[in-house]
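Single-structure report; data block below.
The values are calculated or read from the model by the stated rules, or taken from the named source; none is laboratory data. Computed from a predicted model, the values in this text were never measured in an experiment. Backbone-built Cβ (ideal geometry, glycine too); neighbour counts: all protein chains shown.
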Amino acid sequence: MEASNKNNPFKTPEGYFENFTDGLMDKLNDEKSDLPKEDGFAIPENYFDGLHKNIQEKLNLEETKVIQLNPWKKYYIAAASAAAIVLIFLGFNWNANEKITFEDLASTDIENYFEYNELGLTTYEISEVLPLDELEINDILENQFEEENVIDYLNDNVDAIEDLNLEDYE
């Protein structure tokens, strides 16, 4: 059976493996075979007699000094670490001189802060803190509520309407 393989150009003759074991056994049993009768390796005489002594002598030799191939490598690492620390320090302090003021904040940021953060203050405590000197009722009610509905709401829900410090401008 001949199989074609593009990667392997070698071929075996027909029937090679069918009679292989018989041919091998015949050659092994033949006295005139080409196989050597002795081992191909030889050890010199008295080799093992001085082996232990030779090994001990080699082990007792003084150790040689080891010379590093890259002695400057640790200095490069230290310099790179120092440079990284300086860059990080400068990066953090680059904008440290600019102080953030209230005017820098967007009104939406302020609204989001009050909307999503719990202040722990009641509406009465907040109203005590808010300055009402320059505030007029028209600023609150302008284009949002009808005045009659607000007055009706206050009459129904507030016990002492005088505590609101409302002035009637009409």
| request: Quick one: in segment 107-131, of everything that is among the aliphatic types (A, V, I, L, M) and surrounded by fewer than 10 Cβ atoms within 10 Å (Cβ to Cβ), which residue is modelled with the highest pLDDT? | output: V129
| request: Of the conditions (1) exposed (fewer than 10 other Cβ atoms within 10 Å of the Cβ); (2) of a type outside the set (D, E, K, R); (3) in a loop (DSSP other than H, G, I, E, B), L28 clears all except one; give me its number. | output: (3)
| Matching residues, segment 29-62, being modelled with pLDDT under 75 and either touching a Cys at 6+ places or on another chain (Cβ under 6 Å) or among the acidic types (D, E) (or both) | D30, E31, D34, E38, D39, E62
| query | Got at least one residue in segment 92-106 being surrounded by 10 or more Cβ atoms within 10 Å (Cβ to Cβ) and without any contact (Cβ under 8 Å) to a residue 40 or more places away in the chain? | reply | yes
